[in-house]
Amino acid sequence: MSESEGEKKHAPSQKRKREAAQKGDVLRSKDLSTAVAALAGAAWLAMAGPWMLAKLTEGLTSGLTFSKGDIDDFTPGKRLLELTLAVAPPVLVLGVLVLVAAVASQLGFGEGRWVGGNAGPKWSRINPMNGLKRMFGMQALVELGKSMAKAGLLGAITWYWARAHWDLIRGLPNLSLHGKLAEGWDALTSLLFALSAGLVVIALIDFPIQLIRRLGRLKMSDQDMRDEHKEQEGSPEKKAAIRNKQRQLARGGVAKAMREAQFVVTNPTHFSVAMAYDPEKASAPIVLAKGRGEKALAIRELAAELEVPCLEIPALARSVYFTTRENQVIREELYGAVASVLAFVFALRRGEKPHLPAIEVPVALRFDADGKLSVA
């Protein structure tokens, strides 16, 4: 194989993408997952703020309020459990929401496919040589640059947010407990939305990078294209074996009819129609067998073995094929054309050497290879 044939220069086919996805090579982005999870969390905190704030206020008030009995029977574990149970419901909902958002984003990236193997351990990652390649290779430098850029962007967003909310942050100690929680909650929510916007920007940049990388991994060489085409179409040997098997089956299906046939008309390659005329059985010629494709070839092969005249009359073959079923007499409009063929066949049997006359098929019964009426 030449170097050019081995060069991966062709875009991956849908089949290659599908097979890669089945093996776990799907389009994925950690930045997208992080951005979606952060947005979902910020949205939940904004919508469920009053609920969570009420729970926090209730838990802190209960935990920091002591009576004489509480001091005499001091049980910090019980107080801590009460505080945990008070804030647990909204926190659990937040955790589940973030998890679902992260998984859904990756499934959407990965063509909706869950690959269980990706969740298992990958022993190649503990190979020291592979680890060194990841740490000092070009990919590591690219990832380092991305991480620094992300840290710079998120740091800048945090700095600008802190400047805008500095007065609020300085005034928090002067507020009541409820005021501290309310103002702090609003400030935290606004910071999360700002950081989420930054993460969305990072994800939008990361998406085409991951797409280009995956397409690069899945590129195909000339040999890959030929192998896939051969796999889809089947090898010539396999196709020939299938055709031979089909022909053998077709021969078995028409063998009995061919022993009674007096002549066969063909297209010549697409259709074959075997007919016979016996005045004692019917008033007109009967179609004993007909077929196209492999069955047509089987009829012609049997005709040659049984020395049944096989005549190439395309228009008549198509006309009889599309207008008459097997074991039925031909259409009345075709009597004249088939009678001319019968006269020619009987002359051959008498040992004569006649010329096949011009066979005229009525215009209304002329068909093309697809069974459509044709005046040609």
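The values are calculated or read from the model by the stated rules, or taken from the named source; none is laboratory data. In this text the structure is predicted, and so the values were computed from the model without any measurement. Glycine gets a Cβ as well: all are built from the backbone with ideal geometry, and neighbour counts include every protein chain shown.
Structural remarks
- Filtered residues of region 194-216 (kept if among the small types (Gly, Ala, Ser) and in contact (Cβ under 8 Å) with a residue 24 or more places away in the chain): 194, 196, 197, 198, 203
- Exclusive hit being small (Gly, Ala, Ser) and in contact (Cβ under 8 Å) with a residue 24 or more places away in the chain, set 364, 347, 358: 364
- Inspection of region 57-76 finds a residue satisfying the criterion of being modelled with pLDDT of 70 or more and surrounded by 14 or more Cβ atoms within 10 Å (Cβ to Cβ).
- One residue alone among 250, 261 is at pLDDT 65 or above and aliphatic (A, V, I, L, M), and that residue is 261.
- The residues listed here are 358, 369; of these, the one that is surrounded by 10 or more Cβ atoms within 10 Å (Cβ to Cβ) and assigned to a loop (DSSP other than H, G, I, E, B) is 369.
- The sole residue among 339, 343, 364 that is part of a helix (DSSP H, G or I) and under 49 Å from the mean Cα position of the chain (by Cα) is 364.
- Residues satisfying the stated conditions in region 323-359, i.e. of a type in the set (Asp, Glu) and modelled with pLDDT of 90 or more: 326, 332, 333
- Index of the failed condition, residue 302 passing every other in (1) farther than 20 Å from residue 367 by Cβ; (2) surrounded by fewer than 21 Cβ atoms within 10 Å (Cβ to Cβ): (2)
- One residue alone among 204, 168, 172, 188 is in a helix (DSSP H, G or I), of a type in the set (A, V, I, L, M, F, W, C) and within 18 Å of residue 102 (Cβ to Cβ), and that residue is 204.
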